[in-house]
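Just below is one structure, and these are the notes that go with it.
The values are calculated or read from the model by the stated rules, or taken from the named source; none is laboratory data. Just so we're clear, the structure is a prediction, and the values are computed from it rather than from any experiment. Cβ coordinates were reconstructed from backbone atoms using ideal geometry, including for glycine residues, and neighbour counts include every protein chain displayed. The area values use the complete protein model at the heavy-atom level, side chains included, leaving out ligands, DNA and RNA. Shrake-Rupley method; radii C 1.70, N 1.55, O 1.52, S 1.80 Å.
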Amino acid sequence: MQYNTQQKRMPLPEYGRSIQNMVDYAITIEDRAERQRCANTIINIMGNMFPQLRDVPDFKQKLWDHLAIMSDFQLDIDYPYEIIRKDRLQTKPDNVPYPHTKIHYRHYGRTLEVLIQKACEMPEGDEKSQLTALICNHMKKDYIAWNKDTVDDQKIADDLLELSEGRLQMTPDIMRLMDERIKRYCRPVKANYPNHQANNRNNANRNKKGGKY
């Protein structure tokens, strides 16, 4: 018995060893017309293996490309499409350029610096104040997530002044807006804790009356 690991490596193992054997046999057929009929039959079998892809554009062309790859481009037939070239199989995509923008404080990140720049460009008004308060709240959350410790408002004020090059300040009005945003969007986790305690006591009393204790 011969194991698959002892046989030659399949270029496209998703089609299985049987299809690969058919392709290998087609290469050995001397009559060109018979070889062409054999290739067409193999293509039909390959297509039936993935019926859900029949409506995919260029599906047929991909099957012929796969047939050429499985034959190591040695199958001499009339391909109905222009198949992929062998030298294009090993091509690699271009490297994606990585941004090398300097970040002053990594725990705040680049996005926050962009927000600060946008806030600096805005005209004075309520919208700018609201954005500045949002930025300060995010700075506090990012600082705590990075340092795992409490943060002083003065530290946030100093960092905001530095990152904005003195154009944004955490004034008392900004601090008031920060508190308002926290109260508006942050719901206390234990707001209903007393109700839960009362419900637990009531359930305990009912269980005692039922003779479970």
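Here are some notes:
- Search result, residues across the range 38-87 that are of a type in the set (V, I, T) and part of a helix (DSSP H, G or I): T41, I42, I43, I45, I69
- Test: residue in the range 8-16 that is under 32 Å from the mean Cα position of the chain (by Cα), outside any helix (DSSP H, G or I) and exposed (fewer than 12 other Cβ atoms within 10 Å of the Cβ): no
- Output for the range 165-182, where each listed residue is closer than 17 Å to E124 by Cβ, part of a helix (DSSP H, G or I) and in contact (Cβ under 8 Å) with a residue 24 or more places away in the chain: D173, I174, L177
- Restricting the range 104-130 to residues that are open to solvent by less than 50 Å² (accessible area, probe 1.4 Å) and in a loop (DSSP other than H, G, I, E, B), the residue that is farthest from I43 (Cα to Cα): G125
- Some residue of the range 147-164 being assigned to a loop (DSSP other than H, G, I, E, B), more than 30 Å from D24 (Cβ to Cβ), at pLDDT below 90 and open to solvent by less than 80 Å² (accessible area, probe 1.4 Å): yes
- Applying the condition of being among the acidic types (D, E) and not in a helix (DSSP H, G or I) to the range 21-37 and asking which residue is least open to solvent (accessible area, probe 1.4 Å) yields D31.
- Residue tally, condition open to solvent by less than 50 Å² (accessible area, probe 1.4 Å) and over 17 Å from L89 (Cβ atoms), over the range 51-70: 1
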